[in-house]
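Q: Pasting in a structure now, in structure tokens, and then I'll have a few things to ask.
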Amino acid sequence: MVTFLAPDPSLSPTPPRVAFAVGTAVGGAVVRNRIRRRVRAALRDLVVSDRLPAGTYLIGASSETAQMPWSNLVSSLSTTIDEVTR
């Protein structure tokens, strides 16, 4: 799940801002922190390749994210961000 808030065009451009919503139903603190670290690293890859537009993002993740193969995680995140920023 990704929620996107577009930046105000009248303001100067800012880098993307991201918040995470990983609830306790997903698992214990170790699992939730692992998910946040993996998603943060995937987002870093998208920023480096200039595929993360400016704006504010709220990213929610399920327990499957902790075990998802890396290429699938980056691809899924990229596809979802493309859909919400259109």
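The numbers here are math on the coordinates, done by the rules we state, and not lab data. For clarity, every value in this text was computed on a predicted model and none was experimentally measured. Using ideal geometry, Cβ is built from the backbone for each residue, glycine included, and neighbour counts are taken over all protein chains shown.
Q: Anything in region 28-63 that is buried (at least 16 other Cβ atoms within 10 Å of the Cβ) and on the phi > 0 side of the Ramachandran plot? List them, or say none.
A: Gly55
Q: Right, another one. Restricting the search to region 23-32, which residues are in contact with a Ser or Thr (Cβ under 6 Å, 6 or more places away or on another chain) and assigned to a helix (DSSP H, G or I)?
A: Here is the first cut: in region 23-32, the ones in contact with a Ser or Thr (Cβ under 6 Å, 6 or more places away or on another chain) are 26-27.
Listed by number, the list holds a single entry, Val26.
Q: Which pairs have Cβ atoms under 6 Å, sit 6 or more apart or on different chains, and link a residue in region 52-66 that is in contact (Cβ under 8 Å) with a residue 24 or more places away in the chain to one that is in a loop (DSSP other than H, G, I, E, B) and of a type in the set (A, V, I, L, M, F, W, C)?
A: That search, which allows pairs on different chains as well, returns Gly55/Ala6; Gly60/Met1; Ala61/Val22.
Q: Go through region 42-81 residue by residue and tally those that are within 26 Å of Asp8 (Cα to Cα) and small (Gly, Ala, Ser).
A: 6
Q: Report yes if some residue within region 33-51 is touching a residue at least 24 places away in the same chain (Cβ under 8 Å) and outside any helix (DSSP H, G or I); otherwise report no.
A: Within region 33-51, one or more residues are touching a residue at least 24 places away in the same chain (Cβ under 8 Å) and outside any helix (DSSP H, G or I).
Q: I'd like the full set of residues that are loosely packed, with under 11 Cβ neighbours inside 10 Å, in a loop (DSSP other than H, G, I, E, B) and either in contact with an Asp or Glu (Cβ under 6 Å, 6 or more places away or on another chain) or not polar (S, T, N, Q) (or both), limited to region 2-22.
A: Within region 2-22, Asp8, Pro9, Leu11, Pro13, Pro15 meet the criteria.
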